[in-house]
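Contents: one structure, followed by commentary.
Nothing in this text is a laboratory measurement; each read-out follows from the coordinates by a stated rule. Note that the structure is a prediction, hence the values are computed from the model and not measured. Using ideal geometry, Cβ is built from the backbone for each residue, glycine included, and neighbour counts are taken over all protein chains shown.
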Amino acid sequence: MEMDLLIPALLTGIFCYLGAIESACLFGMSGGFYIVGRPLVAGLLVGVAFGDVQAGILCGLAVQGVFIANLSTGGATNSEITYAAYGGIGLAMATSKDPAIAVTLSILIGQTFGLIFYNTRMALYSFWNRRADIAAEQNDLAGIRMNHLVGPQITNFLLRAIPIFLVIFFGKDLVDWLLQNIPQVVTDTISVLGGVLPALGIAMLMNIVIKEKSLFIFFFAGFVLTAFAGLSMIALVFIAALVAYLVFLATKPGLALVAESANQNTSEDVIFEDDYLF
């Protein structure tokens, strides 16, 4: 077992804990789940941990594309995105550093081990919640702190940092063996799917965000400017902001009322002039 993998695997596990919605260290949802818990940020942090930021960001981009339209309805989820991000990207960085491999591993980990540990945490949290209720009924401030904060955070850390660390540290050899021994056609299939799945995720997001088919023209215009005009993403962002502002002005309710009022005044003037003339 390679001991130089110990620190990167441990850091990746800690990052996975910090990216949890229940983590109090980064204010839960604000700094944790919606920032550190995102695959794109996870790619950056895992890249720093493994000493290859560029490869980490590329893996994070690919995984982010897959999960960009991932939704959780209430307590139900089809994949645990934080486990998927840090487990898949971390294991890919420990082996091939291939974004396609990162996508495949992220989906596997997020929809299997991630959901198992997610449901386990929910069950254990109910235990701590019950104890916190009893402490509150007894006006036991120390018991409230222990069962509302300390106990759940320890549970969250153990069920996030430890599994991710073990997956990366002990799973590297297995993934290396699979990549070296599986047929070439399987490897090629994984690479193709790794490129298609981010596009599928973006398409799902567009299906959620774009409500009118006429708005697709803006998407195609941006694609043309990027692919054929050679504009950078920064330039495209400024152009998109300008176009969005112009569309906002054109569809602003106040302007529509002014235009309608002007039309009414014009109509009244015409009627008045007609009556006066005839």
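Some points to look at:
- At least 20 Å along the helix axis (C-alpha) and Kyte average at least 0.0, DSSP helices within the chain: 53-67, 113-137, 151-181, 184-209, 233-251
- Scaled radius of gyration (Cα, divided by 2.2 N^0.38 Å) that the stretch 105-204 gives: 1.62
- Extending 7 Å from the Cα toward the beta-carbon at both Tyr34 and Arg145 defines two label points whose distance is 3.0 nm.
- Summing Lys and Arg as +1 and Asp and Glu as -1 over all other residues whose Cβ lies under 10 Å from the Cβ of Leu58 gives a net charge of -1.
- Per-residue [θ]222 nm for the chain (sum of -39500 (n - 2.57) over DSSP H runs n ≥ 4, rounded to 500): -25500 deg cm²/dmol
- Cβ-based net charge around Arg121, under 11 Å, with every Lys or Arg adding one and every Asp or Glu removing one: -1
- Computed magnitude of the charge dipole of the chain (debye, nearest 20; Cβ of K, R +1, Cβ of D, E -1): 1040 debye
- Shape call, the stretch 24-71: gyration tensor on alpha carbons, a/c limit 1.5: oblate
- Translational diffusion of the chain, µm² s⁻¹ [Kirkwood Rh, Cα pairs; Stokes-Einstein; 37 °C; 0.692 mPa s]: 148 µm²/s
- Taken along the Cα-to-beta-carbon direction at a fixed 7 Å, the label points for Glu212 and Phe27 span 3.6 nm.
- Cα gyration tensor category, rounded, prolate or oblate, for the stretch 161-219 with a/c compared to 1.5: oblate
- Using a Förster distance of 22 Å, the FRET efficiency for Phe238-Val48 (Cβ separation, nearest 0.05): 0.15
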